[in-house]
Amino acid sequence: MAASSITAPANGLCSSFYGKSGTSSICGEDYSTMLAKTTPAWVRVGKPLRHGPMMGNVNAGKGLFAPAVVITRNIVGKKRFNQLRGKAIALHSQVITEFCKSIGADSKQRQGLIRVAKKNGEKLGFLA
C-alpha cells in the first residue's frame, strides 16, 4: 500500500496517510523536518525547582492580640521585639515540658502540645 496524501486546500489545512515506506509528505514537508520543528531544541533534565519552606503566618494581622503585638513591635523595634518573643516562646516551651514531666507524658505528646500552642498563638495573633 503506497502512501497517499491529500493536497493542501486553499486555507492551508492538510492531512496525510502513512504507508509502508514510513515517510510521507505533510503539506510539502517530510516527517523528520516536521518533527524537528515541533520538538524543543533542548529539554531540561535534573531536579525540579523547589521553593524553600514558607515561614509566614497565615493569620498575620488577624486575631485578638494582633493589634497589640504590632503596636509593641513598632514601639520597641523589630530586633528587640523578636528577642523578647523568642524568650517568651522558650519560657512557654519549658512550662509545657515541666507539665509533661509531671503527668508522665512522653516526648511525642510534648511535641504535640508545643505544636498546638504554636497554632493557638497564630490564631490569637501572638505571631502577627
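The values are calculated or read from the model by the stated rules, or taken from the named source; none is laboratory data. Just so it is clear, the structure is predicted and the values come from calculations on it, not from any experiment. Cβ atoms come from the backbone with ideal geometry, glycine included; neighbour counts cover every protein chain shown.
Go through segment 74-125 residue by residue and tally those that are aliphatic (A, V, I, L, M) and surrounded by 12 or more Cβ atoms within 10 Å (Cβ to Cβ).
Step one: list which residues in segment 74-125 are aliphatic (A, V, I, L, M), which gives 75-76, 84, 88-91, 95-96, 103, 105, 113-114, 116-117, 124.
Restricting the remaining residues to those that are surrounded by 12 or more Cβ atoms within 10 Å (Cβ to Cβ) gives 76, 84, 88-89, 96, 105, 113-114, 117, 124.
Of the residues in that region, 10 qualify.
Yes or no: segment 54-66 includes at least one residue that is modelled with pLDDT of 90 or more and at positive phi. Scanning segment 54-66, I find no residue that is modelled with pLDDT of 90 or more and at positive phi, so the answer is no.
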